[in-house]
Structures are given as structure tokens and as C-alpha cells.
1. Between residue 8 and residue 348, what is 0.36 nm times their sequence separation minus the Cα-Cα distance? Round to one decimal in nm.
2. Can you figure out the FRET efficiency of residue 195 with residue 285, using R₀ = 41 Å and their beta-carbon distance, to the nearest 0.05?
3. Multiply the residue gap between residue 117 and residue 38 by 0.36 nm, knock off their C-alpha separation, and tell me the result in nm, one decimal place.
4. Among 229, 142, 162, which one shows the biggest mean-square fluctuation in a GNM of the chain, springs joining Cα atoms closer than 10 Å?
5. Roughly how many nanometres apart are two label points built 7 Å out from the Cα toward the Cβ at residue 147 and residue 315?
6. Given the DSSP H assignment, sum -39500 (n - 2.57) over each helix run of at least 4 residues in the chain and divide by its residue total; what's the result at 222 nm in deg cm²/dmol, nearest 500?
7. Spin-label point model (7 Å from Cα, Cβ direction): what's the residue 74 to residue 260 distance in nm?
8. Report, for the chain, the % of DSSP beta bridges that are antiparallel, rounded to 5.
Ligand SMILES: Cc1ncc(COP(=O)(O)O)c(C=O)c1O
């Protein structure tokens, strides 16, 4: 007997979880007619999670609805968060804290920078929204997490109740939001009368884990194809399956995922995390010049490069539909302006100027 849930039942289950409203939902699902025609393959539908509505949008707006919900539920009065200087996650968490009226301190790693810290892109927005910020040399990962936990402890000693970046609980709580995104995709595909052959997303964490769980719980037939932006020191598919199963336990639904249920590709990371390769730059330019949609050079550009490659190698027919989830990241375009200006030179002036 099938243990699939209806979209209504899964929504009801998610509605039991503490939540703080931040996002414009549902985000649109739109056909990319020009891009699909240009590639000559399936109809590509874009799920506009770059338009979640808060502080330039992105997948973390969804995540933060549940993270703020959890924090407020436990009486938190301070956030301590951290990642790289140009973190979309930090920008979105600052924005969520501003909306909730909670102060936030950021611990930002400058370990990967070649030169000085430049106040551009996400960092500029963090400053504008009023976060307190400290820069550290520790790389993103366990060393940075220790500093974040220390700052939280100092706040606790001063009588605060901090909610801080702590990978395990945070990744699970955030993933709940993408179970709901899967519900939206299922509802919108039904409305459009399409049955997609695949859903593509840039993820190796909460976003893809939640989508995979949502798709499994709803009995969706298509795979969620996670195009990983980086390689973790651990097995990504195993970790994402564990996150999905832990989320299912939190939601009291019976579905459990194993690593073989997670479709993860690490083929589009080159030349490395945070640096776009020629395929990513081509994808960014093609989508901008056919659809006026901006992909970012670290996440969504690489995921689109993966989808384009799969289309070009003939994985889908022109009769089929595929969904691409745009996870945001736009402010990084401005932080990487020099490298990107070189990649996308100005078109020749038709007037000889
Ligand atoms: C724009 C963008 N897309 C995708 C991701 C990946 O999300 P996840 O960590 O849920 O895999 C991130 C993570 O920072 C991001 O900033």
C-alpha cells in the first residue's frame, strides 16, 4: 500500500511547526520559453525562490521562517551566526532578525580572501541592516563554529538567550521549509498540467534534503537532482538522507530516505567552491540574455550549468518538462564584479564609441 501523503495533508503537518512569516509564498513557477527554445530540449520551468521577497530573496528566506520560529519558541533574544564574508545565509539571517526585532552578531571568515575585506555585496547589506560584525581568520567549518559557540556563551553569561549557528539542528529545521517547497511545486505542476521529468537545484544541504523528503512523501515520480556547489569532508548523499529522515521524524511522518534515494552530482563544482568555471559563466550569460534572470556564480549558475549539460547530452526530449529551483544569491554578483566584468565584456558599440 502506498504511504504517499496528499499536498493538503503534508501542508497540515508542516503547519504544526513553529514559524515566523517572512517569505512571499508560493514563489512563481514560470516557463523559460526563450531559454528552452535556445537549448532545443525540454521546457524548462523556473521556481523563483530568488523572489522569496526578503532582502534580495533566496532559499534562506524559507529556511529562516522555521529557524526564527524555533528561536522565538525557545525565547531567544540574540542571534549569533557566521560563515564566509559573502555569505547569503548570513545576509538572509540578518534580514530575518531585523524583521523579528532580534539583534544579531556575525562572525565572518576572511580565510579564503586574497586581499582585504571589501564592503560589497552581502557584506554591505549586512552592515546596512545593522548587524554587529567581526572578521576572523578561522576557515568556515569546525574552527569557525567554535568561535560562534564561544560568542553565544559570552552572551549567555551576560543574561541573554542566544540562538546560534549549530549545524545539526539548524540544517534539520531549515529543511522543513523545502518540504513545503516540494508541496508548492507539486501543486503548481498539477495546475499547469505538467509532470516534470526532474527537479534541479543547487544544494548539498537543507534545501535538497527537504525537497527530496517532500517529493518522497508526496509520491512524486521525478528525481530531485542536487547539483552540489562543494564537496563536504563527509559523504553528501548519506548526510542529506540522514537530514531528510530526521526531518521526517520531526514532522511525525513515516518516510525515511537512504543515501541511494538522494541524487547528488559533484560534476559541476570545478574549478572549486566559490569560483565559477566557463560552463557556469556561460549558463549565467545565457539565462541573463534570454530571460533577464540573474544566476549567481557560486550556486545557481553551477546548477544551471548542470541542467544545460544534461540537456545537451540528450537526457530529455523536447516533449518533456523539467523544473529548475533558483535559490538566489544575486548580491554576490556585485562582490565579484571585477572577475565577472572580465567574463562578460561590454558588447561592441554599434556607433563606434
Ligand atoms: C544561493 C544559494 N543557493 C544554494 C545554496 C545551498 O543551500 P543548502 O545549504 O541548503 O544546500 C546556498 C547556500 O548557502 C545559497 O546561498
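1. Roughly 117.1 nm would be gained on extension.
2. 0.85
3. Working: separation 79, 0.36 × 79 = 28.44 nm, distance 3.93 nm.
Working it through step by step, the gained length comes to 24.5 nm.
4. The residue with the greatest mean-square fluctuation here is 142.
5. Between residue 147 and residue 315, the simple spin-label model gives 3.8 nm.
6. So the helix-based figure for the chain works out to -14000 deg cm²/dmol.
7. About 3.6 nm separates the two model spin labels.
8. Taking every DSSP beta bridge with both residues in the chain, the antiparallel ones total about 10 percent.
Each reported figure results from applying straightforward, stated rules to the coordinates on display, with no laboratory input. Because the structure is predicted, anything quoted here is derived from the model rather than measured. Cβ coordinates were reconstructed from backbone atoms using ideal geometry, including for glycine residues, and neighbour counts include every protein chain displayed.
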